[in-house]
Amino acid sequence: MTLVAKGDASAFGILVDRYGVRMRGLAMHYGLDRATAEDVVQDAFTRAWVAAGRFDADKAKFSTWLSRIVINRALDERRRKRPTALPEDYDAVDDSVSADDKMAEDEQARALHEALARLKDRHATALILTYMQERSNADSAAIMEMKIKAFESLLLRARQALKKHLMNNGKTRS
Amino acid sequence: MNETDTDKNKTPMTDTAIDQLFARSAAVSSSTGDEDAFLARLKAVPYQNRQADPAGFAPFQDVRALWAQAIGLVAALAAGLAFGMAGAVADDSGALDLSDGLFDGDMVEYFDEPVEGDQ
């Protein structure tokens, strides 16, 4: 980021390689279609470029800072248009499963996605960061600007809320 | 396993149904082979935002530089105008005609000095 702050475009490219696709995945977990998610991530990287000189590495990691920008923008988009269905391009490429299994898995993924879309922003974010982005509690708490204990408590409530939504829709199965 | 009231007391992390859902969704790939185009688009950000180059992002300095240029231009115009007017006045009087013979006397004196070894 020091080099980026000095206007080094190649250093910026390294950050893009490292975080670009992951950030798009993060945005898509909020129910955005790919095109919107890519716009969100591009906007986040533009902000990162413009404000690089003001980035303080002592306060947060770059990925934490960038994730916050992406999440805030994704939530803006989500509020603008709450999705009711899984985006067409929100799908796995996995040839190892049969068509029936894939349909069942797609149905589960759709159920989870719809339940997440109905959760409060903070609940959805806690679940997405922890289980879909597989961030540590410490990282997730930093992104959400919370103490770890408070985050763990939030995560617990978020899981309970998600479970309630899934059960109401009859989508959970064991 | 059916959900029962006792499930409410379970630690959420052991709720296999939800964990499986997350495991499945976490594996969902947002990659469909178009990463290159997407990443190239992101890498173009610095070139599309050169005016916002973080190293030179100082809008107030830019304004000050513009003012300095403007003041310098006005000063140069004023000086040029004053010089032109002075020249016009001098031409009228003929007293300050510096265009001819300024160094003639000096040059003559220099070459009038005998050169050592001459002759």
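The values are calculated or read from the model by the stated rules, or taken from the named source; none is laboratory data. Please read all numbers here as calculations on a predicted model, not as lab measurements. Positions of Cβ are backbone-derived with ideal geometry, glycine not excepted, and every protein chain shown enters the neighbour counts. Heads up: the accessible areas ignore ligands, DNA and RNA and are worked out on the full protein's heavy atoms, side chains in. Shrake-Rupley method; radii C 1.70, N 1.55, O 1.52, S 1.80 Å.
Numerical summary
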quantity: Residues of region B:31-55 classified as exposed (fewer than 14 other Cβ atoms within 10 Å of the Cβ), within 20 Å of residue A:2 (Cβ to Cβ) and modelled with pLDDT under 60, total; calculated: 1
quantity: Residue list for region A:35-61, filter: facing chain B (nearest Cβ under 7 Å) and over 23 Å from residue A:76 (Cα atoms); calculated: A:53
quantity: Region B:72-98 residues that are among the hydrophobic types (A, V, I, L, M, F, W, C), paired with ones that are modelled with pLDDT under 75 and in a helix (DSSP H, G or I) (beta carbon under 8 Å, 6 or more apart); calculated: B:96/B:90
quantity: Filter pass, residue B:83 being open to solvent by 60 Å² or more (accessible area, probe 1.4 Å), modelled with pLDDT under 70, aromatic (Phe, Trp, Tyr) and part of a helix (DSSP H, G or I); calculated: no
quantity: All positions within region A:146-170 that are free of Cβ contacts under 8 Å to residues at least 12 places away in the same chain and either open to solvent by 80 Å² or more (accessible area, probe 1.4 Å) or not in a loop (DSSP other than H, G, I, E, B) (or both); calculated: A:147, A:148, A:149, A:150, A:153, A:156, A:160, A:163, A:164, A:167, A:168
quantity: Selected residue (criterion: surrounded by the most Cβ atoms within 10 Å (Cβ to Cβ)) from residues of region A:120-132 that are farther than 17 Å from residue A:73 by Cα and touching a Leu at 6+ places or on another chain (Cβ under 7 Å); calculated: A:127
quantity: Region A:22-35, residues that are touching a helix residue (DSSP H, G or I) at 6+ places or on another chain (Cβ under 6 Å) and in contact (Cβ under 8 Å) with a residue 40 or more places away in the chain; calculated: A:23, A:26, A:27, A:28, A:29, A:30, A:31, A:32
quantity: Qualifying residue in region A:1-16 (condition: in contact with an Asp or Glu (Cβ under 8 Å, 6 or more places away or on another chain) and in contact (Cβ under 8 Å) with a residue 40 or more places away in the chain); calculated: no
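Per-residue answers, yes or no, for (1) in a loop (DSSP other than H, G, I, E, B); (2) modelled with pLDDT under 90; (3) in contact with a strand residue (DSSP E or B) (Cβ under 8 Å, 6 or more places away or on another chain):
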site: A:36; (1), (2), (3): no, no, no
site: A:43; (1), (2), (3): no, no, no
site: A:64; (1), (2), (3): no, no, no
site: A:73; (1), (2), (3): no, no, no
site: A:83; (1), (2), (3): yes, yes, no
site: A:90; (1), (2), (3): yes, yes, no
site: A:94; (1), (2), (3): yes, yes, no
site: A:108; (1), (2), (3): no, yes, no
